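Engineer: Quick one: the structure is below, and I'll ask about it shortly.
The values are calculated or read from the model by the stated rules, or taken from the named source; none is laboratory data. For clarity, every value in this text was computed on a predicted model and none was experimentally measured. Methodologically, a virtual Cβ is constructed for each residue, glycine included, from the backbone with ideal geometry; neighbour enumeration extends over all protein chains shown.
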Amino acid sequence: MSISSVSRKQLILEIRDKSKIPCDLKRHLSPRTVGTIMRSLPLEGHAHLLGQSIVYFETVLDSGIERARTEFKKGDVAFLPSTGSICFFTNDVASAKKMTPIGKLGDNIDALKDIKSGDVLCIYEEAT
């Protein structure tokens, strides 16, 4: 039984050949952006690191800014419209760039701290 709903979609963030992390996209945070991402799944890209606190991968998505924020907590997931990137926060961050909040990571967040630049990240809906 899936715990996904209309307002919350449970996905998997996979660090290829390393680990899987549960990831919830929450439509109420940014309905337009989350809808765009959901219609584009699965998404995949090479991991990039921004300091010690943000892991991200670039996509071809173009959604613009929605409900912009600059402060994020460990485990938050955000969309950076300027590069079409999906960002995962490994620590609390006050970002210089405005991002669209889109969800939360589940347990095993610390697996992101072992990512190397160039690892492949994939976000997808788990098959039932």
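Engineer: Against the conditions (1) modelled with pLDDT of 90 or more; (2) touching a strand residue (DSSP E or B) at 6+ places or on another chain (Cβ under 7 Å); (3) charged (D, E, K, R), where does GLU126 fall short? Just the number, please.
Structural biologist: (1)
Engineer: So in the stretch 35-51, with the set limited to residues that are in a loop (DSSP other than H, G, I, E, B) and in contact (Cβ under 8 Å) with a residue 40 or more places away in the chain, which one is surrounded by the fewest Cβ atoms within 10 Å (Cβ to Cβ)?
Structural biologist: The selected residue is PRO42.
Engineer: Can you tell me which residues in the stretch 46-62 are closer than 16 Å to SER82 by Cα, over 12 Å from the mean Cα position of the chain (by Cα) and not aliphatic (A, V, I, L, M)?
Structural biologist: HIS48, ASP62
Engineer: Determine which member of the set ILE21, ILE65, ILE15, ILE54 is touching a residue at least 24 places away in the same chain (Cβ under 8 Å), over 15 Å from GLU125 (Cβ atoms) and touching a Leu at 6+ places or on another chain (Cβ under 7 Å).
Structural biologist: Only one candidate qualifies: ILE15.
Engineer: How many residues does the stretch 103-127 hold that are out of contact with any His (no Cβ under 8 Å at 6 or more places or on another chain) and either surrounded by 14 or more Cβ atoms within 10 Å (Cβ to Cβ) or within 24 Å of PRO31 (Cβ to Cβ) (or both)?
Structural biologist: 13
Engineer: Further question on the same structure: Of the residues LYS98, LYS74, which is basic (Lys, Arg), surrounded by 14 or more Cβ atoms within 10 Å (Cβ to Cβ), in contact (Cβ under 8 Å) with a residue 12 or more places away in the chain and assigned to a loop (DSSP other than H, G, I, E, B)?
Structural biologist: Exactly one of LYS98, LYS74 is basic (Lys, Arg), surrounded by 14 or more Cβ atoms within 10 Å (Cβ to Cβ), in contact (Cβ under 8 Å) with a residue 12 or more places away in the chain and assigned to a loop (DSSP other than H, G, I, E, B), namely LYS74.
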